[in-house]
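See structure below.
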Amino acid sequence: MGAELRNYLHEQYYFRLRLGFTALVVISLFALLASRFYYLQVKQYNHYQTLAENNRISLIPIAPNRGLILDKNGVVLAHNFFVYTLEITPAKIKDLEATIAEISQFVEISPLDRKRFNRLRQESRNFESVPIRTHLNEVEAAKFAVNHFRFPGVEIKSRLFRHYPLGKLGSHMVGYIGRINDKDLADLEKSGDLSNYKGSDHIGKSGLEQFYERQLHGTTGFQQVEVDADGHAVRVLSSNAPIPGDNLILSADSKLQEIAETAFGDRRGALVAINPKTGEVLSYVSQPTFDPNLFVGGIDTENWKLLNDSLDKPLINRPLRGIYPPGSTFKPFVALAGLEAGKRMPPFSIHDAGYFSFPNSRHRYRDWKPSGHGIVDMQRAITISCDTFFYGLAMELGIEKLTSFVRHFGFGRKSDFDLKGEIEGLLPTPEWKMRRFKQPWYPGETVIVGIGQGYTLVTPLQLAQATSILANNGVAMKPHLVAQIQNSLTGKRHISPPVVQDKITLNPDNMDIVRRGMVDVTLPGGTAASIGANAGYSIAAKTGTAQVIGIKQNEKYNEHTINERHRDHALFIAFAPAEDPKIALAVIVENGGHGGSAAGPIARKVMDYYLLGKLPIAEAAKIEVKIPINATGNAPATTPRLVPEEELYD
Amino acid sequence: MISRLFHRFVEHIDAFLMACLLFTLLASLFILYSASGQSFERVYAHGINTAVALSVLWVVANIPPNQLERIALPLYLLGVILLIGVALFGTISHGARRWLNVGIIHIQPSEIMRIALPMMLAWYFAKREGKPKPSHFAFAGLLLAIPVVLIMKQPDLGTSLLITASGFFILFLAGLNWKFLLGAATLLASLSPVFWSMLHDYQRRRIEILFDPTQDPLGAGYHTIQAIIAIGSGGSAGKGWLNGTQTQLDFLPERTTDFIFAVFSEEFGFLGNMLLLGLFSLIIIRGLMIASQAQSTFSRLLAGSITLTFFTYAFVNMGMVSGILPVVGVPLPLISYGGTSMVMLCLSFGILMSIHTHKKLVAT
């Protein structure tokens, strides 16, 4: 009993000691607060008294100028200009319809303006001002200003607008900006950038405008303004200038872009051209394109429907998000896989009777040439695109070996490109098939992978990158559109250095066989002989066709009897000059039929211009000189021209 | 007869503490009237909250501490289960998963934890006879970490920090080794430059703004800047009730909840602040006295933790509003508008009163 009590008293003593300590902490922290209050309320009273008195002082954010986007020669692809807009704050207006009707006595308001206004209104909060008319000219602005007093809640504002002088050209690459919506706001809040967007209405929505948003946007400045009782600024107390965004300088050339896009005509498809040594993207085409200027002020419903519902899908970024079977353009990579594994080394050759089949099976994997190609070795197999040869090679290599080798060329994985939304494509493996379909892998599926059919899917960007890696002897350079980022204040340029992504060591002799096979493709006897004719430089290429619909065992494919949208896709890959490649590219023409005839000529025009500076002769007259015309005639002062006339008719 | 009934009614109410609380609560009605832009509805709702909270206080004060001790473990387990439930099935609002939808009502289990955790830890140390060993502290640390991690994941940094504090107070009062405390503090201090260098630039920037709001006057710093102007411009005697320009002209954000202290400060000045600090000090001193006179290990630890947690809330809120602490979402106890926090607070004061009024005679 006694010990317990002693214990109890002992415990209580220590507890009280600790309690006393906390009491000291409480007292000292409250004393700290008291001294803080003394400092703020007694010592600094005058200072804060003034601040509170002047709290009609408001902070006004000043939006920075967005960085420009320029092509490699300094041609402007995206820039800014000020326009007058007429804006309504719905919360301040009783009868919206009547007000708009009255305004239209002074300023013309079209049905399209009304539609866009209604759409933007739904997207924004009631107390935010929403533009009813953009691009007011001086006369209209003046007319309204005189009658301004009759319309509380309606204001003329001067806003910074984005303009894409080249319109449709390269729009999938450049992208566009649009009004900041709730989702953007949430994203900005999450990344902690919200306060930097206090003065901004727009944000990058697609393309480079989206990917390089951070660099392009710049830093918002702010002004401390003293305002009078009505909320109008009386004088500026202090200001912190905004820092304009950085300029992007691309590795692409707008003239080359124009040539490539014109070469497509009204066909759908994609083209990506890369400098194999640096990874710089020289041209990036997705056809058809759209006019990004439509999106800047908020697109109206009619134009949106037109773009979104079109069967041609102009809004899809095909190089990045279009997936196609590679068809025969896959063969050079399969060939290299075989040679590196020590298979089909010269002088090995087969006798092609027009089909491949497994022993004890009657199923025939047919060659595109029913009668067969006769004696074929590796180099010739590439040149004439012999299916039978590659069926057997794929079979012998096995699917694992084949896919793990070609993965080094970027197939089946993202290329870490500087546009958002890249699709991985598909390099099938037995594990993948088990996961996806719960079915084992059949040997027959390996056979058709050998000619780029079956489950294999690639994006045009991947195919171009693979060609570029092949041209660069197995060294993969990270592909990128932006070559330099320029500080718009100092003019200092940060050059994006070439980055080696992956490297596979290849036997030069094997590379040589594949390269010679591909060069022969564009020489007489090859599948794209016409593409090499009179080129003046050597082209290593491979044609391909990808089936859109399945052909049954005993059916024949007849291009003319098939619906246009079910025709084969035409593919073409090339690099040139073959001995020291400066350009590598991939072209896909949707439902174009044969690769050599549909996609090849487009590639040739691009290479001719890039390597020789030669304009396509037949098309030269057809290339229109596009001078950007602004919808309201309010064209910016410095309108860059694309292709000077005198050069065209040389 | 009536006096007997009255005596029965106030038997377990501590008169001094109650007087302080009632005075503060009354003041809060007036402050809220001003802060809400003279809205009677707000004041009425606050009055209802207060009435409910005081009833809870009375009920809890009449429960003997040994019964509270008995429900400590089940309440803690329930709280943890509900927190896990929140993590798995909770409803998301404003980007955080804090609420659990149980049939018709929504509950916020982290509020239960505010009282369940100190009760649990006090119970745990009460079970250990004699001087607690380091292993006991380690286990108690684990009991503390489980709910804290769950709440931090919601994410609710403010609440998890304060719950950590309430648990830490128990560990400290239970006799956590000084050497260990000093060692942990030194370790944290010496590791902080390492953490700092591991952060991304934008994360560093956020922390810098947290400590220096003037760097971001349009964003996170806006609240604090306006609150400091309100406090400073209050001067020594204040601008007078309903006359604070910062408050009445809408410059102060969140002025009925987390930033209500700025309203009070602007309208009642330095003198008002001293009065409020004094009132809070009286409440804390009374709480510490109750703790020091408590008879069982459970009740003295719990009373100590409740009192110090109340202090922490008050200090963190006034510190953040006056710009010496970073802004974390903590209401000013007894003053800020908000039903749940009011009820939980009065519940904890009910426990204090129960501890004080259920003492047995001990032979000394």
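The values are calculated or read from the model by the stated rules, or taken from the named source; none is laboratory data. Every value quoted in this text rests on a predicted model; they were computed, and no experiment measured them. We place every Cβ from the backbone using ideal geometry, glycine too, and count neighbours over all the protein chains shown. Accessible surface areas use protein heavy atoms only, side chains included; no ligands, DNA or RNA. Shrake-Rupley method; radii C 1.70, N 1.55, O 1.52, S 1.80 Å.
Summed over region B:291-328, the residues that are closer than 20 Å to B:Ala72 by Cα and of a type in the set (Val, Ile, Thr) give a count of 4.
Evaluation of B:Ser190 against the conditions (1) open to solvent by 40 Å² or more (accessible area, probe 1.4 Å); (2) under 19 Å from B:Glu69 (Cα atoms); (3) polar (S, T, N, Q) shows that the sole unmet condition is (2).
Each residue in region A:527-547 was checked for being under 23 Å from A:Trp368 (Cβ atoms), among the small types (Gly, Ala, Ser) and open to solvent by 40 Å² or more (accessible area, probe 1.4 Å), and 2 pass.
Collect the residues in region A:416-452 that are open to solvent by less than 60 Å² (accessible area, probe 1.4 Å), at pLDDT 90 or above and not hydrophobic (A, V, I, L, M, F, W, C), keeping them in residue-number order. Scanning region A:416-452 gives A:Asp418, A:Glu422, A:Pro428, A:Thr429, A:Pro430, A:Lys433, A:Glu445, A:Thr446, A:Gly450, A:Gly452. Residues that are charged (D, E, K, R) and either closer than 20 Å to B:Gly304 by Cβ or at pLDDT 90 or above (or both) within region B:102-138 comprise B:Arg114, B:Lys127, B:Arg128, B:Glu129, B:Lys131, listed in sequence order. For region B:300-312, a tally of residues being buried (at least 24 other Cβ atoms within 10 Å of the Cβ) and either more than 9 Å from every other protein chain (Cβ to nearest Cβ) or aromatic (Phe, Trp, Tyr) (or both) returns 6. The sole residue among A:Lys277, A:Lys331 that is of a type outside the set (A, V, I, L, M, F, W, C), under 27 Å from A:Ala260 (Cβ atoms) and assigned to a loop (DSSP other than H, G, I, E, B) is A:Lys277.
Applying the condition of being touching a Phe, Trp or Tyr at 6+ places or on another chain (Cβ under 6 Å) and touching a residue at least 24 places away in the same chain (Cβ under 8 Å) to region A:34-79 and asking which residue is farthest from B:His223 (Cα to Cα) yields A:Ala78. In this structure, does A:Asp193 turn out to be within 14 Å of chain B (Cβ to nearest Cβ), open to solvent by 30 Å² or more (accessible area, probe 1.4 Å) and of a type outside the set (Gly, Ala, Ser)? In short, yes. Within the option set A:Tyr391, A:Tyr365, being at pLDDT below 90, farther than 18 Å from A:Thr459 by Cα and surrounded by 17 or more Cβ atoms within 10 Å (Cβ to Cβ) holds for one residue only, A:Tyr365. When you scan region A:389-404, do you find a residue that is part of a loop (DSSP other than H, G, I, E, B), free of Cβ contacts under 8 Å to residues at least 40 places away in the same chain, more than 21 Å from A:Ala574 (Cβ to Cβ) and hydroxyl-bearing (Ser, Thr, Tyr), even just one? No.
This table checks each residue for (1) open to solvent by 10 Å² or more (accessible area, probe 1.4 Å); (2) among the small types (Gly, Ala, Ser); (3) more than 13 Å from B:Ser322 (Cβ to Cβ).
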site	(1), (2), (3)
B:Gly234	no, yes, no
B:Ala237	yes, yes, yes
B:Trp241	yes, no, yes
B:Gln246	no, no, yes
B:Phe251	yes, no, yes
B:Ala262	no, yes, no
B:Ser265	no, yes, no
B:Phe268	yes, no, yes
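Take region B:313-330 and flag every residue that is open to solvent by 10 Å² or more (accessible area, probe 1.4 Å) and either modelled with pLDDT under 90 or of a type in the set (A, V, I, L, M) (or both). B:Val316, B:Gly323, B:Ile324, B:Leu325, B:Pro326, B:Val327, B:Val328, B:Gly329 - these are the residues of region B:313-330 that are open to solvent by 10 Å² or more (accessible area, probe 1.4 Å) and either modelled with pLDDT under 90 or of a type in the set (A, V, I, L, M) (or both).
Scanning region A:346-363 for residues that are without any contact (Cβ under 8 Å) to a residue 12 or more places away in the chain and out of contact with any Lys or Arg (no Cβ under 8 Å at 6 or more places or on another chain) yields A:Pro359, A:Asn360, A:Ser361, A:Arg362.
Checking B:Ala122, B:Ala126, B:Ala174 one by one, the residue that is closer than 19 Å to B:Met344 by Cβ and either open to solvent by less than 20 Å² (accessible area, probe 1.4 Å) or within 12 Å of chain A (Cβ to nearest Cβ) (or both) is B:Ala122 and no other. Among the residues of this structure, A:Asn46 does not count as one that is outside any loop (DSSP other than H, G, I, E, B) and more than 12 Å from chain B (Cβ to nearest Cβ).
What number of residues in region B:284-298 are within 11 Å of chain A (Cβ to nearest Cβ), in contact (Cβ under 8 Å) with a residue 12 or more places away in the chain and over 16 Å from A:Leu33 (Cα atoms)? So the count comes out to 9. A single entry from A:Arg36, A:Arg66 fulfils the requirement of being of a type in the set (Lys, Arg), facing chain B (nearest Cβ under 9 Å) and surrounded by 14 or more Cβ atoms within 10 Å (Cβ to Cβ): A:Arg36. Elements of the type helices (runs of 4 or more DSSP H) sitting completely within region B:1-89 and holding at least 2 residues that are surrounded by 15 or more Cβ atoms within 10 Å (Cβ to Cβ): these cover B:15-35, B:40-61, B:65-89.
To keep it simple, each residue is scored yes or no on (1) modelled with pLDDT under 95; (2) at the interface with chain A (Cβ under 7 Å from one of its Cβ atoms); (3) farther than 16 Å from B:Ser36 by Cα.
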site	(1), (2), (3)
B:Ser233	yes, yes, yes
B:Gly238	yes, no, yes
B:Glu254	yes, no, no
B:Gly278	no, no, yes
